[in-house]
Amino acid sequence: MRALVVAAAAATLLAGAARAAPSPVVVIDPGHDAQANLATEPIGPGSATRKIEDGGGTRGVVTGIREPDLTLDVSLRLRSLLRDAGVRVVMTRTRTAGKSMGNIARARIANRAGAALFLRVHADGASVASARGTHTLTPAYRRGWTDDVYRPSRRAASLVQADVVRALGFPDRGIQEHLDFTGFNWADVPVILVELGFMTNPAEDRALATGTVRHRAAVGLCRGTLRFLGRPPARCGI
Ligand SMILES: [Zn+2]
């Protein structure tokens, strides 16, 4: 009886500790949607420069798979891995079914969620089939827009890029800062955009069409994210 009481008290203490340290929120943004959105929006708060909300993304040169379908599938796999690792996840979309919401709307979802990381998942396209490899985009420094998220975003970009390259084995194209990305400039939380590979490169398109490689991509994204959150990456599985 006494042991039961002690066990119950310990359980209460543990529950209290869990409440005291809420798990972080990661907002996953699968790139694009079923349809492009050619309306324009300001590239940053108060800016007179406007850009198209969403050009629609690229497509597999061999498989014909559309980028919005690839990014959603990898993102849903990533959501499962992160949830299993104890991270709360908010998705900007869970279906590929309508007109793209544009980039301000995506950033606002991340801001409202108080995201520890706003992780945008894309695949690249180029006019030449030889372009290949993985790269990660991160906000350039601009006072009033990205000064608050510049450093943590760069750190997240380095960690996630390294883990995705390790997981996929595509060439490492490094990290690039962007000044004119609407989804970066409107974000008040750390934000990165991972270009997994080139769907216009036959080998990378074929690879990214398989469940095995999509799972690897999700594991790489998960591991880099957990490292950024200060959690053991082994919790993503293999
Ligand atoms: Zn894209």
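The values are calculated or read from the model by the stated rules, or taken from the named source; none is laboratory data. No experiment lies behind these values; they were computed from the predicted model shown. Quick reminder, even Gly has a Cβ in these numbers, built from the backbone with ideal geometry, and neighbours come from all protein chains shown. Side chains are part of the model used for accessible areas, which takes the heavy atoms of the whole protein and leaves out ligands, DNA and RNA. Shrake-Rupley method; radii C 1.70, N 1.55, O 1.52, S 1.80 Å.
The phi-based Karplus calculation (6.51 cos²θ - 1.76 cosθ + 1.60; θ = phi - 60°) puts the 3J(HN,Hα) values of region 83-91 at 4, 4, 8, x, 9, 7, 10, 10, 9 Hz, whole numbers, x for Gly and Pro. Placing pseudo-labels 7 Å out from each Cα toward the beta carbon at residue 212 and residue 36 gives an inter-label distance of 3.5 nm. By DSSP, the beta bridges lying fully in the chain are antiparallel in about 30 percent of cases.
Just by accessible area at a 1.4 angstrom probe, what is the order of 91, 199 from largest to smallest?
Result, largest first: 91, 199.
Amide H to amide H distances under 5 Å link residue 142 with 147, where only residues 5 or more positions off or on other chains count and H is placed in the peptide plane. Amide H contacts of residue 88: 26, each under 5 Å away and 5 or more positions distant or on a separate chain (H built 1.01 Å from N in the peptide plane; Pro and chain starts excluded). Computed from the Kirkwood radius of its Cα pairs, the Stokes-Einstein diffusion coefficient for region 45-113 at 37 °C and 0.692 mPa s stands at 231 µm²/s.
For residue 124, the residues whose modelled amide H falls within less than 5 Å of its own, excluding neighbours fewer than 5 places apart on the same chain, are 196, 197, 198, 199.
Express in % the proportion of alpha carbon pairs of region 79-205 at distances exceeding 23 Å. Mind dumping the intermediate values first?
Working: 2832 of 8001 pairs.
The calculated P(r) of region 79-205 puts 35 percent of pairs beyond 23 Å.
Under 18 Å from a label point 7 Å along Cα→Cβ of residue 51: give me every residue in region 104-135 with its amide N that close. Residues passing the 18 Å test: 104-111, 118-127, 135. From the largest down, the chain spans 73, 43, 32 angstrom on the principal axes of its Cα atoms. The antiparallel fraction among DSSP beta bridges confined to region 100-199 stands at about 20%. Full extension of the chain between residue 166 and residue 69 gives 32.6 nm of extra length, using 0.36 nm per residue less the Cα-Cα distance. Each Lys and Arg Cβ is given +1 and each Asp and Glu Cβ -1; about its Cα centre, the chain then shows a dipole of about 760 debye. 3J(HN,Hα) along region 97-111, derived from phi through the Karplus expression 6.51 cos²θ - 1.76 cosθ + 1.60 where θ = phi - 60°, amounts to 9, x, 6, 4, 7, x, 8, 5, 4, 5, 4, 5, 4, 5, 4 Hz, with x in place of Gly and Pro. With a cut-off of 14 Å on the backbone N, the residues of region 179-205 near the modelled label site 7 Å out from residue 142 along Cα-Cβ are 179-188. The 3J(HN,Hα) values that the Karplus relation (6.51, -1.76, 1.60; θ = phi - 60°) gives for region 216-224 are, in residue order, 4, 4, 5, 5, x, 4, 5, 5, x Hz. Gly and Pro appear as x. Paramagnetic label reach from residue 76 (point 7 Å along Cα→Cβ; backbone nitrogen cut-off under 12 Å): within region 84-123, residues 94-97.
Given an 8 Å cut-off on Cα distances and at least 6 residues of separation, report the relative contact order of the chain as a percent. Write out the running numbers ahead of the final one.
On the way: 508 pairs, mean separation 60.5, N = 238.
About 25 percent, as a whole number.
Counting only trypsin sites (Lys or Arg not before Pro) that are in a DSSP loop and have at most 11 other C-beta atoms within 10 Å, tell me the longest site-free stretch of the chain.
Details: sites that count: 95, 143.
It works out to 144-238.
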